Amino acid sequence: MQLFPQSFHWGAATSSYQIEGAAFADGKGKCIWDTFVEQDGAIQDGTDGRVACDHYTYYRDDVKLLKELNFSHYRFSVNWARIMPDGKDRVNEAGLDFYKRLINTLNEQHITPMLTLYHWELPQQLEDEGGWLNRDTAYYFAEYAERVFREFSAEVPYWITQNEPWVASRLGYGEGVHAPGKKGLNHFLTAAHHLLLSHGLATERLRAMKQTEQQTGIALNLSSHYPADDRLSSQEAATRADGFLNRWFLDPVYKGTYPKDMLTIYEKQTDLSFLQQGDLEQIQQPIDFLGINYYSSDFVESSPVTTENPTGSKPVQTSLPKTAMEWDVYPDGLYDLLVRVTNDYGKQPLYVSENGAAYRDEVVGGEVNDEQRADYLDQHLQSCLRAIQSGVDLRGYYVWSFLDNFEWAYGLSKRFGVVHIDFTTLKRTPKQSAYWLQAFIASQRVHS
Ligand code: GCO
């Protein structure tokens, strides 16, 4: 059997709002998701993350379970509003304490933490001042990053600044389906720019403070885009879709530029005056790794440019198998993506910082037989292995997600976990996919 490298990270990933609950406990400030879930119709099934998995209470059991399942690494996020209730100035010691306990518990169990500083929990106070449309937010983020780093850098070797700035800006400020529910192309691009700027500012500070062992990076949601057919217009649409999701974020981070073709497209539709002299240099900081969150890929064709569709491209229906999100299962897309990022942006340490699938899981006789998820994970891990064989410096794989959780606008109804949560009793039940992973990880650990 072909093995993964011995130092490979076998990780599970979560985020704070999605699992912690304790939304108003111990001096935590309100974040934009606490506000958003209160709006009528914002969450499809009417649920919220007030309790979620109550990981805030059950974190010790959860860490034990991570250990039992053989995970070597755990990626989680800290909630800005738990640590700085107003987003700036005042620090809530009780909030820091929670993460201190969590990190200590992980280290006791020899599970290495990977900490994400922002998984969309913007303090409401900062949103009231304009949120990510306000340039100042990027500077407040850098202050907050520095504070958290100072507290935990000795115990946490892997740091992620921003998680999926495309989702935070596009869904939160462009389409209005995520918190804070704003809309418009200009809002999307302005928020995206400030998120990227915040990454650059924070990275510079963390690198200045770090000892040699800490690694810093960013996690981007990327996917592969293929023309749906051999029309030239479909090929061009695929290039634009790639620019919209991938290059608009990769290029500034790695090259210190926005892609020219996309600038031309956006300039026709809105003004880009958020972009100030020196910003792109600030965004292009050296990073130690890139986290790639991969779920699916798109086969696209050209479509009319509208306010909702600024790039004039749309995915077509395929006959590929689908998850409960209606996302295509396409593991080759992950292989192509890993190779492509390596070719276009240089060979560098990569992590699959999220990969997984939602299915309609049920507990039957105390078990969850989620064979489809185990297959999904298996196929995507095979893509990872193939990528490594092709020369990609892939260092780890983090399954999304460890626990079923609050899936944003879909609420509690979409289950991504390898561990099932009964949201009434909070009982944790590892699914068959968790046992499959447990055995897979064990099979990779050969002691010579
Ligand atoms: C992320 C992801 C997760 C989602 C997952 C499934 O940004 O890290 O959006 O929070 O739960 O991608 O949609």
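The values are calculated or read from the model by the stated rules, or taken from the named source; none is laboratory data. Please read all numbers here as calculations on a predicted model, not as lab measurements. In this analysis, Cβ positions are derived from the backbone assuming ideal geometry, glycine residues included, and neighbour counts consider all displayed protein chains. Side chains included, ligands, DNA and RNA excluded: accessible areas come from the protein's heavy atoms. Shrake-Rupley method; radii C 1.70, N 1.55, O 1.52, S 1.80 Å.
Using label points projected 7 Å from each Cα along Cα→Cβ, tell me how many nm separate Glu38 and Glu155, to one decimal.
Going from the Glu38 label point to the Glu155 one covers 3.2 nm.
Which order do the peptides 305-313, 108-116, 141-149 come out in when sorted by mean C-beta neighbours inside 10 angstrom, highest first? Intermediate values should be presented prior to the final figure.
Numbers: 305-313: 15.6, 108-116: 18.4, 141-149: 20.7.
So the peptides 305-313, 108-116, 141-149, ranked by packing, come out 141-149, 108-116, 305-313.
Given 0.36 nm per residue, what is the gain on full extension from Glu129 to Arg101 after removing their alpha carbon distance, in nm?
6.9 nm
With r defined as the distance between the Cβ atoms of Glu326 and Gln269 and R0 fixed at 35 Å, what FRET efficiency is calculated, to the nearest 0.05?
Calculated value: 0.80.
Any idea what the relative contact order of the stretch 249-330 is, in percent, if you count C-alpha pairs under 8 Å spaced at least 6 apart?
24 percent
Count the DSSP beta bridges whose two residues both fall in the chain, then state the antiparallel fraction as a percent rounded to the nearest 5.
About 20 percent, rounded to the nearest 5.
Hey, got the dipole for the chain? About the Cα centre, +1 on K and R Cβ, -1 on D and E Cβ, debye to the nearest 20?
With Lys and Arg at +1 and Asp and Glu at -1, about 800 debye.
Consider just the alpha-carbon atoms of the stretch 9-447 and return their Rg together with their Dmax, both in angstrom.
20.5, 62
So for the stretch 332-448: antiparallel DSSP bridges make up what percent, rounded to the nearest 5?
45 percent
In square angstrom, what is the accessible area per residue of the chain with a 1.4 angstrom probe? Intermediate values should be presented prior to the final figure.
On the way: 16890 Å² over 448 residues.
The answer is 38 Å² per residue.
Determine the calculated [θ] at 222 nm for the chain from helices alone, applying -39500 (n - 2.57) to every DSSP H run no shorter than 4 residues and normalising by the residue count; nearest 500 deg cm²/dmol.
Result for the chain, helices only: -11500 deg cm²/dmol.
Compute the FRET efficiency between Asp378 and Lys260 as 1/(1 + (r/R0)^6), taking r as their Cβ-Cβ distance and R0 = 41 Å, and round to the nearest 0.05. List each step's numbers first, then the result.
Numbers: r = 40 Å, r/R0 = 0.97.
FRET efficiency, Asp378 to Lys260: 0.55.
Tell me the carbon and sulfur percent of the accessible area for the chain, rounded to whole percent, probe radius 1.4 Å.
Percent of accessible area from carbon and sulfur atoms in the chain: 47.
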